[in-house]
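In what follows, a structure is listed as structure tokens, so that the remarks can point back to it.
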Amino acid sequence: MTQELVSQSKVSAFGDDTLLVRKTFAQFPSGVAVLAVDINDEKHALVASSFMVGVSLEPCLVAVAVQKSSETWELMKGVPSLGVSIFGKGQAALTRKLASKDRAARFEQVAIEVDESGSVFIEDAALWLECSIQDVTEAGDHWMVLLEVDKLGVGENEPLIWHGAKFRELADAQSIDIN
């Protein structure tokens with residue numbers, strides 16, 4: 001026999017309270033992705049916490065939400081390949097640097113690798129993906145960008161986590177065998 005508890009609802013209408021929406025969404029932990037390219041010997045980076053892996057295994061697809069107001073996305077959206085670096089432990093300051101308004105200084109003293117496609121990868125990341133844009137869909141004040149993974153690699157660094165409007169690192173817990 002189960003007993004139902006009647007209590008106040010855990011959810012409520014939020015109206016135009018975007019601060020409440022941001023606070024609520026901030027409770028969902030995510031990794032920190034940096035999309036980066038080299039266009040005519042000029043590096044461009046876009047930092048996103050709204051990145052999703054595992055959209056599809058066949059074909060291999062990931063997705064990212066990009067603000068419509070992003071000037072960097074305007075430059076990047078026409079390239080054949082994008083480098084995606086999922087930042088790792090100890091790279092919080094680098095995340096802020098690559099997201100800074102000072103575009104000229106974003107890559108100063110940043111260890112990178114640029115491959116033949118123009119994709120830029122950040123050293124010491126947790127993982128890297130080389131992707132091509134498959135589809136872009138309007139999603140409110142963002143573009144939902146579906147990316148096909150062309151190449152990938154796994155680093156030795158643990159991922160950096162964005163949660164509660166703070167950078168955090170993983171803590172050991174009970175592991176689950178995925179094999």
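Where a number appears in this text, it was derived from the coordinates with a stated rule and is not lab data. Predicted model only: the values in this text are computed from it and were never measured. Methodologically, a virtual Cβ is constructed for each residue, glycine included, from the backbone with ideal geometry; neighbour enumeration extends over all protein chains shown.
Between L20, L35, L160, the Gaussian network model of the chain with springs among Cα atoms under 10 angstrom shows the greatest mean-square fluctuation at L20.
Shown here for region 74-179: trypsin sites (Lys or Arg not before Pro) in loop regions (DSSP other than H, G, I, E, B) with at most 13 other Cβ atoms within 10 Å, namely K101. Please build a GNM for the chain, connecting alpha carbons under 10 Å apart, and tell me which residue among V79, V66, V149 fluctuates the most. Largest GNM mean-square fluctuation: V79. Rounded to whole numbers, the Karplus 3J(HN,Hα) couplings from phi for region 63-70 are 9, 9, 9, 10, 4, 4, 7, 5 Hz, using 6.51 cos²θ - 1.76 cosθ + 1.60 with θ = phi - 60°, and x at Gly and Pro. With Cα extents along the principal axes in Å in mind, check (1) 80, 68, 26; (2) 50, 39, 27; (3) 66, 42, 34 and report the label derived from this structure. The value matching this structure is (3).
Karplus-derived 3J(HN,Hα) values for region 150-157, using 6.51 cos²θ - 1.76 cosθ + 1.60 with θ = phi - 60°, are 9, 9, 8, x, 10, x, 9, 7 Hz; glycine and proline are entered as x.
Relative contact order (percent) for the chain, with alpha-carbon contacts under 8 angstrom and 6 or more residues of separation?
Numbers: 330 pairs, mean separation 43.8, N = 179.
It comes to 24 percent, rounded to a whole number.
Among the chymotrypsin sites (Phe, Trp or Tyr not before Pro) found in region 99-153, not one is both in a DSSP coil and sparsely packed, with 14 or fewer other Cβ atoms within 10 Å of its Cβ.
Among the listed pairs K23/K43; K68/K151; K23/K77; K43/K68; K10/K68; K10/K89, those whose Cα-Cα separation exceeds 24 Å are K23/K43; K68/K151; K23/K77; K10/K68; K10/K89.
Can you give the helix-only mean residue ellipticity at 222 nm for the chain, where every DSSP H stretch with n ≥ 4 adds -39500 (n - 2.57) and the sum goes over all residues, rounded to the nearest 500 deg cm²/dmol? It would help to have the intermediate numbers written out before the result.
Details: 3 runs with 21 residues, N = 179.
Computed ellipticity for the chain at 222 nm equals -3000 deg cm²/dmol.
The separation of region 57-99 from region 100-179, counted between C-alpha centres, amounts to 6 Å.
Sorting V37, V53 on the 10 Å Cβ count, fewest up front, what's the list?
On the way: V37 23, V53 16.
Result, fewest neighbours first: V53, V37.
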